[in-house]
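Reading through the structure tokens given below for one structure.
The values are calculated or read from the model by the stated rules, or taken from the named source; none is laboratory data. A quick note: this is a predicted structure, and the numbers were derived from the prediction, not measured. Positions of Cβ are generated from backbone atoms using ideal geometry, with glycine treated the same way; all protein chains shown enter the neighbour counts.
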Amino acid sequence: MPEAVLFDLDGTLADTAPDLAGILAHLQIESGLTPTPFEVLRPQVSNGVRGLLGAGFGLTPDAPAYADLAQRFLTLYAASLYVETCLFPGISELLDSLDERGIVWGVVTNKAERFARPIIEALGLAGRSICVVGGDTVARAKPFPDPLLHACKLAALDPVRCIYVGDDIRDIKAGKAAGMRTLAAAYGYLGSNEPIEAWAADAIINHPLEILSFIEKTDRVL
């Protein structure tokens with residue numbers, strides 16, 4: 001049986017989009033702009049501040065106004081990390097089931113660790129997660145495998161016996177490069193321009209509890 005399941009945070013473990021979209025709307029109103037519809041912003045959450053400012057202000061990181069606006073965004077977000085953020089439906093039951101099976105689980109995200117840890121704590125998961133690895137925990141973030149390998153080192157895990165679950169192609173690339181089985185979360189934000197079927201994940205899941213079926217199939221194969 002796989003010994004661990006590692007999760008991306010935004011769009012996979014937790015629905016953080018409402019809080020992030022709320023910060024963008026605040027900035028747009030400050031600038032005299034009409035807030036961008038949530039359904040337009042949701043896919044961009046996987047791309048972080050860069051994606052949201054691109055969608056809301058048409059800015060790229062090389063634009064003169066980008067750095068100050070990005071810093072303003074992060075300052076506001078730090079004070080509103082978990083107003084509406086919540087676990088996706090089925091995640092709580094999934095984690096309980098993993099615990100019952102003796103399968104450990106953790107979080108590997110490209111969100112900065114200083115934001116990720118308070119969210120995990122607010123969701124009541126800090127004492128249960130074996131690790132929280134952020135995008136700035138190691139030198140190279142996903143799609144490089146470094147954060148996943150770091151998580152394995154922290155928790156003494158064999159990457160080959162781990163499953164990584166994410167909602168962006170960078171998650172699947174990182175997981176495969178780390179030697180893990182990968183699951184693409186179709187219920188997530190799906191910010192990649194490539195269709196989820198082209199990500200080459202080991203499986204696509206439409207609901208978190210489908211991870212249990214994948215584990216059972218993997219166990220039979222092993």
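Select from the range 155-195 the residues that are hydrophobic (A, V, I, L, M, F, W, C), surrounded by fewer than 19 Cβ atoms within 10 Å (Cβ to Cβ) and in contact (Cβ under 8 Å) with a residue 12 or more places away in the chain and list them in ascending order. Can you show your working first?
Of the residues in the range 155-195, the ones hydrophobic (A, V, I, L, M, F, W, C) are 155-157, 160, 162-163, 165, 169, 172, 174, 177-178, 180, 183-186, 190.
So of that shortlist, the ones also surrounded by fewer than 19 Cβ atoms within 10 Å (Cβ to Cβ) come out as 155-156, 160, 177, 186.
Of everything in the range 155-195, those that are hydrophobic (A, V, I, L, M, F, W, C), surrounded by fewer than 19 Cβ atoms within 10 Å (Cβ to Cβ) and in contact (Cβ under 8 Å) with a residue 12 or more places away in the chain turn out to be Ala155, Val160, Ala177, Ala186.
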In the list Ala126, Ala139, which residue meets the criterion of being in a loop (DSSP other than H, G, I, E, B), over 17 Å from the mean Cα position of the chain (by Cα) and surrounded by fewer than 20 Cβ atoms within 10 Å (Cβ to Cβ)? Ala139
Might you let me know whether the range 210-222 holds any residue that is surrounded by 19 or more Cβ atoms within 10 Å (Cβ to Cβ) and in a loop (DSSP other than H, G, I, E, B)? no
Run down Ala70, Ala112 and say which single residue is of a type in the set (A, V, I, L, M), free of Cβ contacts under 8 Å to residues at least 60 places away in the same chain, touching a Gly at 6+ places or on another chain (Cβ under 6 Å) and on the phi < 0 side of the Ramachandran plot. Ala112
Among the residues of the range 15-22, is any modelled with pLDDT of 95 or more, charged (D, E, K, R), buried (at least 20 other Cβ atoms within 10 Å of the Cβ) and farther than 17 Å from Tyr82 by Cβ? no
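Could you list, in sequence order, the residues of the range 52-92 that are among the charged types (D, E, K, R), in a helix (DSSP H, G or I) and surrounded by 11 or more Cβ atoms within 10 Å (Cβ to Cβ)? Quick ask: steps written out before the conclusion?
Kept after step one, since they are among the charged types (D, E, K, R), are these residues of the range 52-92: 62, 68, 72, 84.
Now restrict to residues that are in a helix (DSSP H, G or I): 68, 72.
Arg72, the sole residue that qualifies.
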When residues of the range 170-203 are filtered for being in a helix (DSSP H, G or I), touching an Asp or Glu at 6+ places or on another chain (Cβ under 7 Å) and among the basic types (Lys, Arg), how many remain? 0
